[in-house]
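Down below is the structure, laid out as structure tokens.
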Amino acid sequence: VHTYSINRDQTVLCFAGKSVARLDPDYDALMLFDQVFGAGVLGSMSSYLFRLREQTGLFYTISGSTVAGADEQPGLVYIKTIVSNDRLGEAEKLIAKTIDESKDMLTAQDLEHACNAVINSMVDHFESNESIAQAFLFINRFKLEPNYFSERMVRLQKITVDDVKQAVAKVLDTKKLIRIKIGRHI
């Protein structure tokens, strides 16, 4: 646990840890999980973290990812919130519980919605000359096959709930995450 005291009425609380690199075999499973856990292309109002905010009213804001910044090197797992100082302990316990239980909350319907959202967003890679160029640069940078985008849909649809749960268990565990607290009287 890392703390930093500042004179503020709220505390920023963050759980963070190491994720996987972009070409890691678990990346796609984690990216699909991201759609239901922290938001992704589905938007934050449908995520587990947003649902926790709505159910408890504890957080000013909350967001997270299991693959933030994944590239040639591993990305980050993070869950970040802003909470009133007097509710910090309660918020910390609830977020930790959500982190540890979230992989078991995943349903086949969640995974199907996540997969469909990602597949439907793939057209964005080809909506402008700039995005087309970025798609080709991505393929070149990671030395992927030229048919990467046309085959991606098939690969994503083959990922099972068990695949996702196994990948998530490797990176999303409060015992593996640091906690950072920035606020008053911590």
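The values are calculated or read from the model by the stated rules, or taken from the named source; none is laboratory data. Here the structure is a predicted model, which is why all the values come from computation and not from measurement. Glycine gets a Cβ as well: all are built from the backbone with ideal geometry, and neighbour counts include every protein chain shown. For accessibility, only protein heavy atoms count, side chains too; no ligands or nucleic acids. Shrake-Rupley method; radii C 1.70, N 1.55, O 1.52, S 1.80 Å.
Against the test of being part of a helix (DSSP H, G or I), charged (D, E, K, R) and loosely packed, with under 12 Cβ neighbours inside 10 Å, the options K175, K170 yield a single qualifying residue, K175. Of note, E101 does not satisfy the criterion of being in a helix (DSSP H, G or I), surrounded by fewer than 16 Cβ atoms within 10 Å (Cβ to Cβ) and touching a residue at least 24 places away in the same chain (Cβ under 8 Å).
Taking the stretch 6-37 as the range and being at pLDDT below 95 and in contact with a Cys (Cβ under 9 Å, 6 or more places away or on another chain) as the test, only Q35 passes.
G75 meets the conditions (1) within 22 Å of R155 (Cβ to Cβ); (2) surrounded by 11 or more Cβ atoms within 10 Å (Cβ to Cβ); (3) modelled with pLDDT under 95 in every case but one. The failed one is (3). For the stretch 1-21, filtering for residues that are assigned to a loop (DSSP other than H, G, I, E, B) and charged (D, E, K, R) leaves 2. Candidates in the stretch 50-72 are the residues that are in contact with a strand residue (DSSP E or B) (Cβ under 9 Å, 6 or more places away or on another chain) and over 20 Å from G183 (Cα atoms); of these, the one that is most open to solvent (accessible area, probe 1.4 Å) is G69.
Looking across the stretch 122-135, the residues that are open to solvent by less than 80 Å² (accessible area, probe 1.4 Å), without any contact (Cβ under 8 Å) to a residue 24 or more places away in the chain and part of a helix (DSSP H, G or I) come down to D124, S131, I132, A133, A135.
Look at S47 and say whether it is open to solvent by less than 20 Å² (accessible area, probe 1.4 Å), out of contact with any Asp or Glu (no Cβ under 8 Å at 6 or more places or on another chain) and not hydrophobic (A, V, I, L, M, F, W, C). Yes; evaluated as a whole, the condition is true for this residue.
Condition check: outside any helix (DSSP H, G or I), among the aliphatic types (A, V, I, L, M) and either touching a helix residue (DSSP H, G or I) at 6+ places or on another chain (Cβ under 7 Å) or under 28 Å from V83 (Cβ atoms) (or both). Does I180 satisfy that? Spelling it out, I180 is indeed outside any helix (DSSP H, G or I), among the aliphatic types (A, V, I, L, M) and either touching a helix residue (DSSP H, G or I) at 6+ places or on another chain (Cβ under 7 Å) or under 28 Å from V83 (Cβ atoms) (or both). For the stretch 46-63, the condition holds for at least one residue, the condition being that it is touching a residue at least 40 places away in the same chain (Cβ under 8 Å) and assigned to a strand (DSSP E or B).
Condition check ((1) free of Cβ contacts under 8 Å to residues at least 12 places away in the same chain; (2) part of a loop (DSSP other than H, G, I, E, B); (3) open to solvent by 60 Å² or more (accessible area, probe 1.4 Å); (4) within 20 Å of S65 (Cβ to Cβ)) across all residues:
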residue: I82; (1), (2), (3), (4): no, no, no, yes
residue: D110; (1), (2), (3), (4): no, no, no, yes
residue: H113; (1), (2), (3), (4): no, no, yes, yes
residue: N116; (1), (2), (3), (4): yes, no, yes, yes
residue: L137; (1), (2), (3), (4): yes, no, yes, no
residue: I159; (1), (2), (3), (4): no, yes, no, yes
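Taken residue by residue, the stretch 140-153 has at least one member that is in a helix (DSSP H, G or I), touching a helix residue (DSSP H, G or I) at 6+ places or on another chain (Cβ under 7 Å) and open to solvent by 40 Å² or more (accessible area, probe 1.4 Å).
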